[in-house]
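Data first, discussion second: the structure below is written as structure tokens.
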Amino acid sequence: MVDFGAVSAIIFDLDGVLLSTDQYHYAAWKALADELEIPFCEKDNLAFRGVSRMDCMELLLSKRAELRLTEAEKVAYATKKNERYRSLLEGITPAFVAEEVRETLRVLKERGYRLAVGSSSKNSGFILKKTDLDGCFHAIVDGNDISRSKPDPEVFVKAAEALGVPPERCAVIEDAEAGLSAAVSGGMLPIAIGEAKGSHLARLSIEGLGELTQIFDRKMENKNGR
Ligand code: BG6
Ligand code: MG
């Protein structure tokens, strides 16, 4: 079992953890669901958290079994959802990221923790750049780098490899059940925040990212975290 004191790397999910882009994902899926006359609410959206775009498309369609779409149509609708999502993202600026988040990343990095983003989103690069978060991490692994989305641990395993830290020394911060499950399968320490708070899969739930500076308060002797 992963020990808190052994942690030398922290892998952050992006949407719903570092910033509230999860609301925009929901808004864009809701618009598509309305168009396809599929009932969809925020509770349904919980299962979409952490899951890849095309897997979400399948989840949405599973709510209206009689609607039979070709693969090309599914891709076209998922692309439409993404265009809506991207237009919502156009307005984000560095101010979209809470000061508590930036300060937490700064402090953890200064203490020598290795930091990564581990996200299923193919829009991660765009979001991190627009919000000026891209320089805050030692590694960024996202939906473009993986072939299996959360709950498969691939994204976190790749992030740990990129950081050069073994899984048993990595903590994962997640707002999704799928992400917590991925962390557990990957042999990492799962910490829940936001919608995932209180999940039985998490070793700990936190109210805000700022709490991490109390939990991970050691100075890393070896900056590589090995
Ligand atoms: C995850 C979100 O971060 O990325 C999911 O929690 C989303 O809701 C997934 O489906 C894929 O995102 P994108 O931006 O590649 O469509
Ligand atoms: Mg998330």
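Laid out as a table, the results:
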| item | result |
| --- | --- |
| Region 86-141: proportion of alpha-carbon pairs further apart than 12 angstrom, % | 68 percent |
| Simple spin-label estimate for Lys63 and Lys197 in nanometres, 7 Å along Cα-Cβ | 2.4 nm |
| Positive-end residue, the chain charge dipole about Cα centroid, Cβ charges, pick of Pro151, Phe4, Ile193 | Phe4 |
| Charged-residue dipole, Cβ positions (Lys, Arg, Asp, Glu), region 149-202 about Cα centre, Debye nearest 20 | 120 debye |
| Restraint check, Lys63/Lys129; Lys81/Lys197; Lys63/Lys109; Lys109/Lys197, Cα-Cα greater than 32 Å | Lys63/Lys129; Lys63/Lys109 |
| Computed FRET value (nearest 0.05) for Glu71 with Glu42, which takes r as the C-beta separation and R₀ as 30 Å | 0.60 |
| Carbon/sulfur fraction of accessible area - region 114-190, other protein chains in place, 1.4 Å, % | 49 percent |
| Gyration tensor over alpha-carbon atoms, region 16-73, equivalent ellipsoid semi-axes in Å | 21, 12, 10 |
| Student exercise, the chain dipole from Lys, Arg, Asp, Glu Cβ charges, in Debye to nearest 20 | 460 debye |
| Net length gained if the chain between Glu168 and Ala27 were fully extended (0.36 nm per residue, minus Cα distance) | 47.1 nm |
| Å² of accessible area per residue within the chain, as computed with a 1.4 Å probe and no ligands counted | 45 Å² |
| Distance between modelled label sites at Phe4 and Glu110, nm, 7 Å Cα→Cβ extension | 2.2 nm |
| Alpha-carbon spread of region 1-131, three principal axes, descending order, Å | 54, 39, 25 |
| Three-way shape call for region 99-208 based on the alpha-carbon gyration tensor, with the a/c threshold at 1.5 | rounded |
| Centroid-to-centroid separation of region 106-128 and region 43-96 [C-alpha atoms, Å] | 23 Å |
| Estimated FRET transfer efficiency (Asn144, Ser20; beta-carbon r; R0 22 Å; 0.05) | 0.50 |
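The values are calculated or read from the model by the stated rules, or taken from the named source; none is laboratory data. In this text the structure is predicted, and so the values were computed from the model without any measurement. Positions of Cβ are backbone-derived with ideal geometry, glycine not excepted, and every protein chain shown enters the neighbour counts. Surface accessibility is based on the protein's heavy atoms, side chains included, excluding ligands, DNA and RNA. Shrake-Rupley method; radii C 1.70, N 1.55, O 1.52, S 1.80 Å.
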